[in-house]
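The values are calculated or read from the model by the stated rules, or taken from the named source; none is laboratory data. Worth saying up front: this structure is predicted, and the values here are computed from it rather than measured. Cβ placement follows ideal geometry from the backbone for every residue including glycine, while neighbour counts extend to all protein chains displayed. Only protein heavy atoms, including side chains, enter the accessible area calculation; ligands, DNA and RNA are left aside. Shrake-Rupley method; radii C 1.70, N 1.55, O 1.52, S 1.80 Å.
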Amino acid sequence: MYRLCLILILSTLGLESQAFFKLKQPTRDQLLHEYEELIVDYEQVYRQDEKLEMDYALRLYTLSVELDIDSATFVHAYELSNLYYDLDSISKSFEYAYIAESYIDSLTDPPESVGFLLNNMGTLYNYIGDYQTGLQYFYRSLDFYQKHLPAYQSYPLGNIAEYHAYFEDYETAIEYIDRTRVYTEQLQEQEDAYEYYYNHIYDEGKTAEWLIAQNQSEKAEKHYEVLLSIEDSLYDEEPYDRSYLLDAYYQGMLDLAISLERYEDARRFLDLAHEHVFEVSRHRINYLEMKYLFEVGRFEEFYQSIEDLSVKEEDFLLQSHVLDLKVRAYERLSDKTRLIESLEAKNELQKKRLKFYQNNQQDFLDIRLALSQKEQELAQLQQENEISDLRIRNQGYQLLLVLSLLSLAISSVAYLYINRRKRLQYATSLEKEVELKTRSLNKLNQDLSQKNEELRQFNYMVAHDLKEPIRSIVGFTKLLRLKTQDQKELQTYTGIIEKSGMQLSNLVADIQMYQSSESDEETAVSTPLKDVVEEVKSTLSTFISERNAAVSYHNLPTVTLQRSMMFIVFQNLIENGIKYNESNTPAISIWSEKVGAEYHIYVKDNGIGIDDDYHDMVFQMFQRLHTRSEYAGSGIGLSTTKKILRKMGAQIRILDSVVGQGTTFEIVLPVGE
């Protein structure tokens, strides 16, 4: 009755529809009650009914936004990202992952899913070919787990290892896998059997795979035997966990058994894979079956089936493996027509993959732009609602003033009430004006960050576009050289083309490293510089050994900085000191001293030295003092080094250099907190 009377009164001012709308809106308590009930129901359908799970997750996300509960919004956006990823809806997965990421800074007690989200963001960027951005997210995930959940560091470490393996740096990849083993063992100590077995399968399987890639099959056999020993234990897990473990196990073991020529094992694993592997993995198992038939010499069955082998359109890696297998098969048959068709198909696949990457990268940028626009529209809508509410209240005050004339007592109360409300309204309007100004400034900062991100993406895509034709030039030149070994003059020309292609490839890689030094996403952490030097020595171990070089250091401090950026600084200085060196035993010495509020770090080599006239020139981009025939290089390393240090608030200069005797570089770093 009260509501009806109020609507009739407000209708005299033309406000009936607005009043009714306001009255029909659910209260916060009602929304909260619905949310709590849905949480209980969601737990019942979780991992049971895919469609219902998606419906519940979408409604929970909507309610958490309406209730303005940041922690819940983060969790449900993260869950939606995972659900869409499982459905191969990559753009939708990225959209909700990006939304979840925007809530991280507002979480007072970050859950473990923050680390998983950052790790998944890296995987999404890898999916569209933006490996550099993906690597940055893996490092952010690693940083989170180091602070909050050390045992889970194995996840980002494994993905960082995959990054190095993708670029065929298998030694570094295996080093990162070795680091994960410590945390995998911690999972066993915590009696987390599923996570332990899953990581154990990954650690041993990837190590064996990358050892095989380096022609170290004997070492790979040891890891294969370790995996064989845990097979029975996997069947003791709960049904849901067991299904995922067996899917990962039999896929990996089948591939390893074929590569290690353990064909009896491969036959058994093939049968078990068909029984236990998920439907989404069937294409890979069918490919491995074709590979098995080829390797054991069952060529008649192989040739009958290979042309009918289907692969998911966007699984470029598996498509490439299938084409490689076809090339081997047609070479065996001396079928030149199909061989050329397969090689051309590989070239077309590279173009298709590049176009796919470009389209998806553009989709990601469009999503981020659309979300930014939605935030603006939401802020504008909120402002309009506030204005509407204010108008309704003011008109309501007018109505109360008219009614107050009926009674002196009522008018007195109404007068006091209205004046009090007006004072509150004035104070509120001032607060809102300050809030709007603050939002405007934040919006300007966001726009600037977005423009910088778009520029970085553009730089990366340009570099990536260069890489693909370079790989094709080098690859087909190698093939041409193999086909024309008896033509010496042509061999000379193709050698020049191949060398030029490799120089261009190295130049693109150096430009990407220069551009990546712009990144501010990595958190500055307390870093012992001796650990960074040791990591550089490990990365350059082959190069150092080949040149019979020695790298020594002492008295290096612990400084708060971006660890990966300081890695690039030391790598460039040490690599240059050995490269530009005519000594039979190149020597690099690194030490430091504290001067006031600064650390002075010295890097000394016994190389060819730098003339005084060129001390400033060597820090400029693309400046070289020697021809490529004398010393390889792009002329970018020292300019990248100087740029990184300048962003840290540090400086670098040549302290001393004598031609023919060596050079001493001086880095001045602030002590910091």
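Would you say GLU53 is among the acidic types (Asp, Glu) and either at pLDDT 85 or above or open to solvent by 70 Å² or more (accessible area, probe 1.4 Å) (or both)?
So GLU53 does not fit the description; no.
Pairs under 9 Å by beta carbon, first residue under 13 Å from TYR85 (Cβ atoms) and open to solvent by 10 Å² or more (accessible area, probe 1.4 Å) in segment 120-140, partner assigned to a helix (DSSP H, G or I) and of a type in the set (Asp, Glu), six or more apart or different chains?
ASN126/GLU162
Table: residues versus (1) modelled with pLDDT of 90 or more; (2) surrounded by fewer than 16 Cβ atoms within 10 Å (Cβ to Cβ).
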{"site": "LYS222", "(1), (2)": "yes, yes"}
{"site": "SER233", "(1), (2)": "no, yes"}
{"site": "ALA248", "(1), (2)": "no, no"}
{"site": "GLU279", "(1), (2)": "no, yes"}
{"site": "ARG282", "(1), (2)": "no, yes"}
{"site": "TYR292", "(1), (2)": "no, no"}
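Testing HIS554 on (1) in contact with a strand residue (DSSP E or B) (Cβ under 8 Å, 6 or more places away or on another chain); (2) within 20 Å of GLY637 (Cβ to Cβ), one condition comes back false. Which one is that?
(2)
Within segment 598-608, can one find any residue that is under 24 Å from ALA550 (Cβ atoms), modelled with pLDDT under 85 and assigned to a loop (DSSP other than H, G, I, E, B)?
no
Using the structure shown, decide if ILE544 is outside any loop (DSSP other than H, G, I, E, B), on the phi < 0 side of the Ramachandran plot and buried (at least 21 other Cβ atoms within 10 Å of the Cβ).
Here the answer is no, as ILE544 does not meet what is asked.
Quickly run through segment 184-220 and pick out the residues that are acidic (Asp, Glu), open to solvent by 50 Å² or more (accessible area, probe 1.4 Å) and at negative phi.
GLU185, GLU189, GLU209, GLU218
Quick one: how many residues across segment 308-324 are in a helix (DSSP H, G or I) and either modelled with pLDDT under 75 or not acidic (Asp, Glu) (or both)?
The total comes to 8.
Look at LEU256 and say whether it is in a helix (DSSP H, G or I), touching a Gly at 6+ places or on another chain (Cβ under 7 Å) and either open to solvent by 60 Å² or more (accessible area, probe 1.4 Å) or modelled with pLDDT of 90 or more (or both).
yes
How many of the residues making up segment 83-102 are open to solvent by less than 50 Å² (accessible area, probe 1.4 Å) and of a type outside the set (Gly, Ala, Ser)?
Here the count works out to 8.
Could you list, in sequence order, the residues of segment 325-361 that are open to solvent by 90 Å² or more (accessible area, probe 1.4 Å) and modelled with pLDDT under 75?
Across segment 325-361, the qualifying residues are LYS351, LYS355.
Residues being open to solvent by 20 Å² or more (accessible area, probe 1.4 Å), among the polar types (S, T, N, Q) and at pLDDT 85 or above: count how many of those fall in segment 554-574.
So the answer is 4.
Sort through GLU168, GLU191, GLU185 and tell me the only one that's outside any helix (DSSP H, G or I), under 24 Å from LEU245 (Cα atoms) and at pLDDT below 85.
That would be GLU191, the only listed residue that is outside any helix (DSSP H, G or I), under 24 Å from LEU245 (Cα atoms) and at pLDDT below 85.
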